[in-house]
Amino acid sequence: VDSLDKLFNTLKNNYLMKHENFKLSSLKYNPIKKEVKIRDAIFGPNEIQLIMGPCAIESREQLEETANEVKNAGIKIFRACAYKPRTHPYSFQGLEEEGINMLAEIGEKYNLITETEVTDPRQVKIVSEKIDILRIGARNMQNFELLKEVGKINNPVILKNGLSATLEEYLCAAEYILTNGNPNVILCERGVRGFEPLERFTYDALSIPILKTLTNLPIIADPSHPTGNKELILPLARTQIASGADGLIVEVHNNPSQALTDAKQQLDTKEIPNFITEIKKVAQAMNRKINLSKK
Ligand code: PEP
Ligand code: MN
């Protein structure tokens, strides 16, 4: 019995959150909620930020038309990927540097804050000079060399949770960015691998409420990738705002049926106004305001 007790205590200890592993973002060590500011958008406990744009940059026309509609809807932050981590090697892989240049130009032309994914440490410096916010995708949450590299810049970095990461592993990944000198980390919940075939990923509605008790970092949510189906984006987005998300990153496209990636889960840009109207109601119930540009 003694040895069983010992074993049980060791196991229990293994599963205790060790705040010293992520002390820079731990609420235990740093109890003030952090804000990450980029131009007129502040990620933090007050404003709710909406990031919208296509899954991938496909062409100048597609990117510009989508940017124009995103801007007209009052959205301030425009997402679009040039480097795409694709499951299938024969799928469209992205326009790479050419796409980054298009996004930078269109961001400037429409006065939008730009956001894109980096997938390799060698991309980080050049992308950080052209694009405002960099993102680490789910599949790279524990790409430690990439995390260290985005730790050396000052742009805000959105870090998505890995497909099977524990919350402690997630916070330790954020700590790699923080310890390398970049304080501007934003977490983004995007669901994990589940067993239900009707869901692309399983969105854990407890993640944000739990993370909010552990970390001072802002946390946004992705309602697009868990669903794999645009009809489900709004219902999921409502629950994400209701459970405390500080923002949403949503895939939208000017012509979704023709999209080269994630065609089924991109909202038509025409659907953005209704999406915003519906999300505003939940935000209001939560006593929070969505940061939109004034018309
Ligand atoms: C994305 O947001 O474009 C993306 C690829 O998402 P994730 O890394 O969450 O799969
Ligand atoms: Mn996508």
Quiz item: Is there any pair with a first residue in segment 131-152 that is under 17 Å from Glu189 (Cβ atoms) and a second that is within 12 Å of ligand 1 (Cβ to nearest atom) and in a helix (DSSP H, G or I) whose Cβ atoms are under 8 Å apart and which are 6 or more apart or on different chains, and what are they?
Solution: Ala138/His225
Quiz item: What number of residues within segment 235-290 are within 16 Å of ligand 2 (Cβ to nearest atom) and surrounded by 23 or more Cβ atoms within 10 Å (Cβ to Cβ)?
Solution: 10
Exercise. Output the residues belonging to segment 104-123 that are surrounded by 21 or more Cβ atoms within 10 Å (Cβ to Cβ) and within 22 Å of Phe43 (Cα to Cα).
Key: Gly107, Leu112, Thr114, Glu115, Thr116, Glu117, Val118
Self-check item: Residue in segment 63-82 that is touching a Lys or Arg at 6+ places or on another chain (Cβ under 7 Å), within 15 Å of ligand 1 (Cβ to nearest atom) and either under 25 Å from Leu146 (Cβ atoms) or not in a helix (DSSP H, G or I) (or both) present
Solution: no
Exercise. Read through the list (1) within 20 Å of the chain's Cα centre (by Cα); (2) assigned to a loop (DSSP other than H, G, I, E, B); (3) closer than 21 Å to Leu260 by Cβ, then give the number of the only condition that Arg135 fails.
Key: (2)
Practice problem: For residues that are farther than 23 Å from Pro156 by Cα and among the charged types (D, E, K, R), scanning just segment 171-222, find the one that is nearest to the chain's Cα centre (by Cα). | Solution: Asp204
Quiz item: Within segment 16-59, can you find the residues that are exposed (fewer than 13 other Cβ atoms within 10 Å of the Cβ) and farther than 20 Å from Lys212 by Cβ?
Solution: Arg39, Asp40, Ser59
Quiz item: Scanning segment 214-234 for residues that are among the polar types (S, T, N, Q) and farther than 20 Å from Phe43 by Cβ, which turns out nearest to ligand 2 (Cβ to nearest atom)?
Solution: Thr227
Quiz item: Taking into account only those residues within segment 64-104 that are touching a residue at least 12 places away in the same chain (Cβ under 8 Å) and of a type in the set (Val, Ile, Thr), which is farthest from Ile279 (Cα to Cα)?
Solution: Ile100
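Laboratory data are not the source of any read-out in this text; all were calculated from the coordinates shown. All of these numbers come straight from a predicted model, not from anything done at the bench. Cβ sites come from the backbone with ideal geometry, for glycine too, and all protein chains shown count toward neighbours.
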